[in-house]
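Structure first, commentary second.
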Amino acid sequence: MNSLTDKIAIVTGASSGIGYATSKLFAREGAKIVVTARNPEKLNELVNEISLAGGTAVAIVGDVKDESSAKSLVETALDHFGGLDIAFNNAGTMKWVGDTRKVNLAEWQDTLNTNLTSAFLGAKHQLPAMLARGSGSLIFTSSFVGYTAGFPHTAAYAASKAGIIGLTQALASEFGPRGIRVNALLPGATDTPMGRSFANTPEMVAFVKSLYALKRMASPEEIAKSALYLASDASSFTTGSALVVDGGVSINHT
């Protein structure tokens, strides 16, 4: 039996990378999916792939920084499928990476709005739908950066991703008594468009791989399996956690 049969899920940042892979995996595991991103062509491609594989998905084009988008996603889940059980708030950015002295306020705020405020807005509207069903799994994509390791030139990114862990813990404590589990997923370097924008030369890829105990980067599908664990009943006693899925970068010193 598929682990997400009869479950209804939202996945943000679904047009590429971890969000794309997770959407397909959730659908294969039986969930009905509402997917969102800003790229309509990629979203349509994703929905077609899911449909051809026998799954069910609806795409909503939107920007996670807009509260109206967060509200629309939940309304779509309710209108099309009748509820909400899982939300993978995965959308994020590494756009403003560089010398901290040269990051202006607008760039700082854009990073926090995309990575952290969007997670809050998603949860704000997802929680009532989950509470109405008496249970649910909220998942946020954070990072080991700002949690187990610090890297130069990542001040805005690290601060936003560290904030997600605080948000996770607060929501887990607040809504655990009402059946809602809340967890953060902390991937290491993953072979995605965002990851390749950072490791953008053969030398940089080799350097990044050298930081990891496993001496390689993850595939999006590997990270998706950890998201599935947090979404499913396999993690029924897991809440408030920062699940590090980082190939050993946090502990490696070789």
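No lab work stands behind these numbers, since they all come straight from the coordinates. Small disclaimer: the values here were computed from a predicted structure and weren't measured. Glycine also receives a Cβ, built like all others from the backbone with ideal geometry; neighbour counts cover every protein chain displayed.
Might you check whether a residue that is over 21 Å from residue 94 (Cβ atoms) and surrounded by 19 or more Cβ atoms within 10 Å (Cβ to Cβ) occurs anywhere in region 190-212?
no
Just one of the numbered conditions (1) outside any strand (DSSP E or B); (2) under 20 Å from residue 91 (Cβ atoms); (3) polar (S, T, N, Q) is not true of residue 254; which one?
Residue 254 satisfies all of (1) outside any strand (DSSP E or B); (2) under 20 Å from residue 91 (Cβ atoms); (3) polar (S, T, N, Q) except (2).
Counting just the residues of region 1-22 that are in contact with an Asp or Glu (Cβ under 9 Å, 6 or more places away or on another chain) and small (Gly, Ala, Ser), which one comes out farthest from residue 235 (Cα to Cα)?
Among residues in region 1-22 that are in contact with an Asp or Glu (Cβ under 9 Å, 6 or more places away or on another chain) and small (Gly, Ala, Ser), the one farthest from residue 235 (Cα to Cα) is 15.
With the requirement that a residue be in a loop (DSSP other than H, G, I, E, B) and either in contact with a helix residue (DSSP H, G or I) (Cβ under 7 Å, 6 or more places away or on another chain) or crowded, with 20+ Cβ neighbours inside 10 Å (or both), what does region 8-33 give you?
Of all residues in region 8-33, those in a loop (DSSP other than H, G, I, E, B) come to 13-16, 29-31.
Matches in region 8-33: 13, 14, 15, 16, 29, 31.
Give the residue that is surrounded by the fewest Cβ atoms within 10 Å (Cβ to Cβ), with candidates limited to residues of region 46-97 that are closer than 20 Å to residue 136 by Cα, aliphatic (A, V, I, L, M) and within 17 Å of the chain's Cα centre (by Cα).
Looking at residues that are closer than 20 Å to residue 136 by Cα, aliphatic (A, V, I, L, M) and within 17 Å of the chain's Cα centre (by Cα), I get 74.
List the residue pairs whose Cβ atoms are under 7 Å apart, where the first residue sits in region 1-20 and is among the basic types (Lys, Arg), the second is assigned to a loop (DSSP other than H, G, I, E, B) and surrounded by fewer than 24 Cβ atoms within 10 Å (Cβ to Cβ), and the two are 6 or more positions apart or on different chains.
Correct list of pairs: 7/30; 7/85.
Under 14 Å from the mean Cα position of the chain (by Cα), more than 24 Å from residue 42 (Cα to Cα) and touching a residue at least 24 places away in the same chain (Cβ under 8 Å), is that true of residue 168?
Working: under 14 Å from the mean Cα position of the chain (by Cα): yes; more than 24 Å from residue 42 (Cα to Cα): yes; touching a residue at least 24 places away in the same chain (Cβ under 8 Å): yes.
When the stated conditions are applied, residue 168 passes them.
Do you know which of the residues in region 227-254 that are among the small types (Gly, Ala, Ser) and buried (at least 21 other Cβ atoms within 10 Å of the Cβ) is nearest to residue 211 (Cα to Cα)? Let's see the steps before the verdict.
Residues of region 227-254 that are among the small types (Gly, Ala, Ser), as a first pass: 227, 231-232, 234-236, 240-242, 247-248, 250.
Within this subset, residues satisfying the condition of being buried (at least 21 other Cβ atoms within 10 Å of the Cβ) are 227, 231, 247.
Numbers: 227: 23, 231: 29, 247: 9 Å.
Among them, the one singled out is 247.
If you check 36, 5, which single one turns out to be in a strand (DSSP E or B) and polar (S, T, N, Q)?
Working: 5 fails: in a strand (DSSP E or B).
The unique qualifying residue is 36.
Working only within region 39-66, note down all residues that are assigned to a helix (DSSP H, G or I), aliphatic (A, V, I, L, M) and in contact (Cβ under 8 Å) with a residue 24 or more places away in the chain. Lay out the reasoning, then the answer.
First pass over region 39-66, keeping only residues assigned to a helix (DSSP H, G or I): 40-52.
Next cut, aliphatic (A, V, I, L, M) only: 43, 46-47, 50, 52.
Within region 39-66, 43, 46, 50 meet the criteria.
Scan (1) part of a helix (DSSP H, G or I); (2) of a type in the set (Ser, Thr, Tyr); (3) within 17 Å of residue 150 (Cα to Cα) for the single condition residue 226 breaks and write down its number.
(3)
Keeping to region 91-120, report how many residues are within 21 Å of residue 186 (Cβ to Cβ) and either in a helix (DSSP H, G or I) or not small (Gly, Ala, Ser) (or both).
Applying the first criterion (within 21 Å of residue 186 (Cβ to Cβ)) to region 91-120 yields 91-97, 111-120.
When the remaining residues are screened for being either in a helix (DSSP H, G or I) or not small (Gly, Ala, Ser) (or both), the result is 93-97, 111-120.
So the count comes out to 15.
Look through region 34-45, keep the residues that are within 17 Å of the chain's Cα centre (by Cα) and not basic (Lys, Arg), and return whichever of them is surrounded by the fewest Cβ atoms within 10 Å (Cβ to Cβ).
39
Considering every residue within region 165-173, establish whether at least one is among the β-branched types (Val, Ile, Thr), on the phi < 0 side of the Ramachandran plot, in a helix (DSSP H, G or I) and in contact with a Pro (Cβ under 6 Å, 6 or more places away or on another chain).
Applying the first criterion (among the β-branched types (Val, Ile, Thr)) to region 165-173 yields 165, 168.
Still in the list and also on the phi < 0 side of the Ramachandran plot: 165, 168.
Going one step further and asking which of them are in a helix (DSSP H, G or I), we end up with 165, 168.
Filter once more, keeping what is in contact with a Pro (Cβ under 6 Å, 6 or more places away or on another chain): none.
No, that holds for no residue.
Out of (1) assigned to a loop (DSSP other than H, G, I, E, B); (2) within 25 Å of residue 24 (Cα to Cα); (3) without any contact (Cβ under 8 Å) to a residue 40 or more places away in the chain, the odd one out for residue 239 is which?
(3)
For residue 158, all conditions in the list (1) part of a loop (DSSP other than H, G, I, E, B); (2) out of contact with any Asp or Glu (no Cβ under 9 Å at 6 or more places or on another chain) hold save one; what is the number of the exception?
Against the list (1) part of a loop (DSSP other than H, G, I, E, B); (2) out of contact with any Asp or Glu (no Cβ under 9 Å at 6 or more places or on another chain), residue 158 comes up short only on (1).
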